[in-house]
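Participant: Structure in structure tokens, see below.
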Amino acid sequence: MSQLFKRLSPAGDAAGEDLSFHPEDAPLAIHDLTVAYHRKPVLWDVDLDIPDGKLVGVVGPNGAGKSTLIKACLDLIPRASGEIGIYGKPYKEQRHLVAYVPQRESVDWDFPVSALDVVAMGAYRRLGWFRRVTKQESENARECLDQVGIAHLADRQISQLSGGQQQRVFLARALMQDAELYLMDEPFAAVDAATEEAIVSLLRTLSEKGKTCLVVHHDLATVTTYFNWLVLLNMRIVASGPSETTFTRENLQKTYGGKLSLLEKAAEALRHTVE
Amino acid sequence: MPDWEDIIEVVLLQNYNTRLVVLSTTLLGIAAGLIGSFLLLRKRSLMGDALSHATLPGVAIAFAVMVSLGGTGKALPGLLLGATLSGVAGLFTMLLIRNTTRLRDDVAMGFVLSVFFGIGVASLQMVQSLPGASAAGLESFIYGKTASMVQSDFHLIAVVAGVASLISILFLKEFLLLCFDDAYASAQGWPTFFLDVLLLGLVTAVTVIGLQAVGLILIIAFLITPATAARFWTQRLLPMMLLSAGIGGISGWLGASISALTPDLPAGAVIVLVAAALFLLSMLFAPPRGVIPRLMRQYRLRRKVDRQHFLRAAYEILEDSQSGDVVSNSPFSFAHLRAKRTWSLRKLRHILKIAKREDHLEAADPGMLRLSEAGYGEAARVTRNHRLWETYLIHYADIAPSHVDRDADLVEHILGPELVHELEDFLKQDSISTPVPPSPHPTSNENSPS
């Protein structure tokens with residue numbers, strides 16, 4: 001039931017969007033995006049342009065709206081205002097260019113399907129209504145599993161995979177879509193070292209092929225080595241740019257506390273004067 | 001008690017009256033099994049329950065409408081149409097509550113279930129007093145009653161069950177995606193709202209045609225139980241659905257047959273009890289996920305670990321007591337073995353008893369133990385495997401977690417001959433050539449669990 005009613009209202013006001021200002025080639029261009037849950041804003045006036053072919057790391061504290069940003073790009077949640085352009089057009093016209101890797105915890109892994117079945121879901125859109133997974137697509141799915149290094153686990157039931165292996169199944173499913181823009185929600189969360197390595201090398205491969213990857217990340221220690229473009233997010237975009245110039249003490253302070261504690265101090269001061 | 005002839009007559013559908021009932025509950029069971037699988041995987045069982053309770057006001061209202069139009073008010077299609085409409089109304093009330101308030105799903109469902117059922121019970125009482133028609137028998141929709149079934153009822157049930165089953169198979173791929181990952185489905189552009197409505201529409205269809213035979217209180221059990229039972233037997237969706245359809249069909253067939261033989265027992269209750277019995281059997285005995293097979297697997301694994309600990313301890317004692325490259329089999333003392341690991345006396349005696357039964361131990365002097373030829377060979381093999389694994393974990397810690405089957409009998413099968421050679425090279429410090437490589441860590445008085 002939880003998901004049911006959300007679909008009643010079309011996500012986003014795709015009609016009447018003015019996307020003329022977006023450069024045609026930008027994989028992702030967000031203008032003036034505001035998203036609110038129960039009238040409480042989660043993202044506020046977000047403006048963001050992601051250049052082509054970059055490995056983009058999105059970092060920010062818990063509750064900064066990182067996952068919300070990705071979901072808004074995919075029209076999964078309604079937005080209060082703003083436009084999002086995928087290669088210059090609204091998402092619903094560009095679905096075939098975008099692959100989504102949800103958080104691993106977002107699904108129930110005790111589900112009666114094999115790893116290969118999940119990867120094959122990446123081909124459902126091209127198969128269309130009612131058509132079963134073809135032999136050819138099964139082969140493709142096996143290759144995608146091979147690219148993330150777990151082809152030998154293709155026929156395992158998914159609850160019998162380790163967390164890292166489950167994450168790789170999700171990545172393989174995204175590969176199956178053969179997209180241009182990859183939106184990944186915390187793929188590095190709670191994975192083993194081998195999986196982390198596999199994901200990094202996969203990101204590099206995608207980047208070499210000219211694909212753009214936007215990855216929600218939580219580990220500041222690795223963020224500059226894994227990504228060449230950084231987005232620092234805390235409800236608003238704090239900074240966005242090449243990793244080496246964006247990953248500064250000042251920006252991090254703004255993202256992770258400096259500004260927040262200042263606001264808190266102001267609120268505290270205000271409360272005292274009122275009392 | 002019915003005699004054998006009666007039983008055979010009913011079970012083999014030779015009696016015309018029971019044939020209609022049994023066939024329709026069987027078809028109903030097959031449809032419920034198929035659609036219930038998706039209801040279960042979509043985690044909407046409680047919603048199905050609220051939906052079935054919400055059908056009751058529609059039955060009473062449809063009766064009143066048909067009476068006012070001059071009929072008897074008992075025509076099944078009319079009653080079921082009313083049930084469908086009020087079930088759908090209940091569903092939309094749930095959605096409305098959820099969307100316009102911040103109440104949780106379970107509150108919305110509990111509210112709709114009880115309020116609609118209350119309205120239904122009250123309006124059934126009210127239509128009893130309508131002039132010119134008897135509403136007697138309408139309350140059988142609550143608990144289910146098969147006796148009143150006629151041929152046209154059977155046709156209606158058969159057609160609806162058949163169509164609903166076909167749709168559920170047709171949309172297999174779409175429903176699978178919806179149930180597993182609805183956000184991903186939306187992102188790919190699948191109309192998840194439509195698919196959810198379709199799925200609930202199928203649930204409504206099965207509920208409504210099951211009202212007469214099974215009743216609205218028990219129909220949810222008929223939807224959920226076969227699918228839950230089937231889940232114990234398989235890890236794949238299609239086999240699960242077919243099995244669930246089979247269990248549903250058998251429950252409907254057996255339940256209606258038993259009820260036909262003993263007219264005091266209402267069909268709905270017996271059908272659900274048969275399904276519950278099949279569920280219990282599945283839960284206890286199904287090999288992949290059943291309780292008893294799982295306990296047996298745990299027991300066997302524990303025994304295997306015990307045996308390997310014993311054999312390895314024995315081998316290491318032999319190794320320590322002998323100088324030279326080749327370890328040979330010789331007697332060793334019980335006290336020595338006991339000091340090797342932290343096992344209780346009782347446990348060690350038990351392990352030794354099993355080792356004797358498995359012919360891993362030979363007769364020896366009092367206080368002494370001696371491995372048999374087979375036991376010695378096994379001990380060498382177990383020790384070698386253990387050390388290869390340890391070395392592997394030490395040198396390949398990064399990729400090791402992807403090879404978690406550590407209790408596999410032969411490392412070669414997991415790691416491949418090349419890697420095993422490499423590991424053996426790691427172990428051959430100072431180029432000592434032994435059939436069993438030295439341990440990568442000190443082995444005397446080893447207490448660490450492994």
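Read the figures in this text as sums done on the coordinates, not as results from a lab. As the structure is a computational prediction, the values presented were derived from the model and not from experiment. Reconstructed Cβ throughout: ideal geometry from the backbone, glycine too, with neighbour counts over all protein chains shown.
Participant: Relative to the longest principal axis of the C-alpha atoms of chain B, give the angle of the C-alpha long axis of helix B:417-427, reported between 0 and 90° and rounded to the nearest 10°.
Facilitator: The answer is roughly 40 degrees.
Participant: Give me the angle, in degrees from 0 to 90, between the Cα long axis of helix B:237-261 and the longest principal axis of the Cα atoms of chain B, rounded to the nearest 10.
Facilitator: Once rounded, one gets 50 degrees.
Participant: Right, here's the next one. Write out the trypsin sites (Lys or Arg not before Pro) in the stretch A:32-96 meeting two conditions: DSSP loop, and at most 15 other Cβ atoms within 10 Å of their Cβ. Please report the intermediate quantities before stating the final value.
Facilitator: Details: sites: A:R39, A:K54, A:K66, A:K71, A:R79, A:K92, A:R95; in loops: A:R39, A:K54, A:R79.
Those satisfying the criteria are A:R39.
Participant: Another question about this same structure. Expressed as a whole percent, how much of the Cα-Cα distance distribution for the stretch B:179-225 exceeds 13 Å? Walk me through the intermediate numbers first.
Facilitator: On the way: 669 of 1081 pairs.
In whole percent, the long-distance tail amounts to 62.
Participant: Could I ask something else about it? Report the full-extension gain for the segment B:Y299 to B:K347: residue separation times 0.36 nm, less the Cα-Cα distance, to one decimal in nm.
Facilitator: Values: separation 48, 0.36 × 48 = 17.28 nm, distance 1.45 nm.
Full extension of this stretch gives 15.8 nm more.
Participant: Right, here's the next one. Under the rule a/c < 1.5 gives rounded, and otherwise a/b versus b/c splits prolate from oblate, where does the stretch A:5-274 land using the Cα gyration tensor?
Facilitator: On the way: a/c = 1.78, a/b = 1.50, b/c = 1.19.
Verdict is prolate for the stretch A:5-274.
Participant: Let me ask something additional. Going toward the positive end of the dipole of the stretch B:4-289, with +1 on Lys and Arg Cβ and -1 on Asp and Glu Cβ, which of B:V88, B:M109, B:S129 do you reach last?
Facilitator: Checked the options; the winner is B:M109.
Participant: In addition: Give, rounded to the nearest 20 debye, the magnitude of the charge dipole that the protein assembly as shown has about its Cα centre when Lys and Arg contribute +1 at Cβ and Asp and Glu contribute -1 at Cβ. Walk me through the numbers on the way to the answer.
Facilitator: Values: 66 positive and 73 negative charges, 342 e Å.
Dipole about the Cα centre, nearest 20: 1640 debye.
Participant: Let me ask you something else. Loop-only trypsin sites (Lys or Arg not before Pro) in the stretch A:107-179, please: DSSP not H, G, I, E or B, and at most 13 other Cβ atoms within 10 Å.
Facilitator: Working: sites: A:R125, A:R126, A:R131, A:R132, A:K135, A:R142, A:R156, A:R168, A:R173; in loops: A:R131, A:R132, A:R156.
Within the stretch A:107-179, the qualifying trypsin sites (Lys or Arg not before Pro) (loop, at most 13 other Cβ atoms within 10 Å) are A:R131, A:R132.
Participant: Also: Need one number: the % of Cα-Cα pairs in the stretch B:4-289 sitting beyond the 27 Å mark.
Facilitator: Details: 16384 of 40755 pairs.
Value for the stretch B:4-289 (Cα pairs over 27 Å): 40 percent.
Participant: What is the protein assembly as shown by shape, rounded, prolate or oblate, if you read a ≥ b ≥ c off the alpha carbon gyration tensor as root eigenvalues and call it rounded for a/c under 1.5, prolate for a/b larger than b/c, and oblate otherwise? Can you show the working numbers first?
Facilitator: Details: a/c = 2.44, a/b = 1.21, b/c = 2.02.
Cα axes put the protein assembly as shown in the oblate bin.
Participant: Report the charge-dipole magnitude of the stretch B:99-229 in Debye, nearest 20, computed about the Cα centre from +1 at each Lys and Arg Cβ and -1 at each Asp and Glu Cβ.
Facilitator: Values: 4 positive and 8 negative charges, 36 e Å.
I would put it at about 180 debye.
Participant: Among A:V107, A:M121, A:L145, whose Cα projects farthest towards the positive end of the dipole of the stretch A:107-158, with charges put on the beta-carbon of Lys, Arg (+1) and Asp, Glu (-1)?
Facilitator: Value: A:M121.
Participant: In angstroms, what radius of gyration and Dmax does the stretch B:4-163 have, counting Cα atoms only?
Facilitator: Every Cα atom of the stretch B:4-163 included, Rg and Dmax give 17.9, 60 Å.
Participant: For B:E362, enumerate residues with amide H under 5 Å from its amide H, sequence gap 5+ or separate chain, H modeled in the peptide plane.
Facilitator: Close amide H contacts, sequence-distant or interchain: B:R370, B:L371, B:S372.
Participant: Enter the angle in degrees (range 0 to 90, nearest 10) between the Cα long axis of helix B:345-357 and the first principal axis of the Cα atoms of chain B, meaning the one along which they spread out most.
Facilitator: Between helix and principal axis, roughly 90 degrees.
Participant: Could you work out, residue by residue across A:105-114, how many beta carbons of other chains sit within 10 Å of that residue's beta carbon, and then give the average as an integer? Please list the in-between numbers first.
Facilitator: Numbers: counts 0, 4, 6, 5, 1, 3, 7, 15, 7, 3.
Partner-chain Cβ atoms within 10 Å, mean over residues of A:105-114: 5.
Participant: Starting from the Cα gyration tensor of the stretch B:165-300, take the square roots of the eigenvalues, sort them a ≥ b ≥ c, and report rounded, prolate or oblate (rounded when a/c is under 1.5, otherwise prolate if a/b is larger than b/c, else oblate). The partial results should precede the final answer.
Facilitator: Numbers: a/c = 2.81, a/b = 1.17, b/c = 2.41.
Note, shape of the stretch B:165-300 comes out oblate.
Participant: Along the charge dipole of the stretch B:134-211, Cβ charges K/R +1 and D/E -1, which of B:A205, B:A187, B:F171 sits furthest on the positive end?
Facilitator: Result: B:A205.
Participant: With respect to the cross-link table entries B:K304/B:K347; A:K135/B:K43; A:K40/A:K66; A:K54/A:K92; A:K40/A:K71; A:K66/A:K209, which display a Cα-Cα separation exceeding 20 Å? Please report the intermediate quantities before stating the final value.
Facilitator: Working: B:K304/B:K347 14 Å; A:K135/B:K43 31 Å; A:K40/A:K66 16 Å; A:K54/A:K92 23 Å; A:K40/A:K71 17 Å; A:K66/A:K209 26 Å.
Pairs exceeding 20 Å: A:K135/B:K43; A:K54/A:K92; A:K66/A:K209.
Participant: Please list the non-local residues whose amide H lies under 5 Å from the amide H of A:D49, H modeled 1.01 Å from N, same-chain partners needing a gap of 5 or more.
Facilitator: Residues meeting the amide H criterion: A:I30.
Participant: Per residue of chain B, what 222 nm ellipticity follows from adding -39500 (n - 2.57) for every DSSP H run with n ≥ 4, rounded to the nearest 500? Can you show the working numbers first?
Facilitator: Numbers: 20 runs with 310 residues, N = 450.
After summing the helix terms and dividing by residue count, I get -22500 deg cm²/dmol.
Participant: Identify which of B:F232, B:F117, B:F310 has the largest mean-square fluctuation in a Gaussian network model of chain B, with springs joining Cα atoms closer than 10 Å.
Facilitator: Fluctuation is largest for B:F310.
Participant: Let me ask you something else. How long are the three semi-axes of the equivalent ellipsoid for the stretch A:55-143, computed from the Cα gyration tensor as the root of 5 times each eigenvalue, in whole Å, largest first? If you can, show how the numbers build up before the last one.
Facilitator: Working: eigenvalues 158, 68, 30 Å².
Over the Cα atoms of the stretch A:55-143, the ellipsoid semi-axes are 28, 18, 12 Å.
Participant: Same structure again: Using a Gaussian network model on chain B with a 10 Å cutoff between Cα atoms, which of B:D105, B:D425, B:D196 fluctuates the most?
Facilitator: Per the Cα network of chain B with a 10 Å cutoff, B:D425 tops the list.
Participant: Using DSSP to define loop residues, name the chymotrypsin sites (Phe, Trp or Tyr not before Pro) in the stretch A:78-166 whose beta-carbon has at most 11 other beta-carbon atoms within 10 Å.
Facilitator: On the way: sites: A:Y87, A:Y91, A:Y100, A:W109, A:Y124, A:W129, A:F130; in loops: A:Y87, A:W109, A:W129, A:F130.
Sites meeting the loop and neighbour criteria: A:W129, A:F130.
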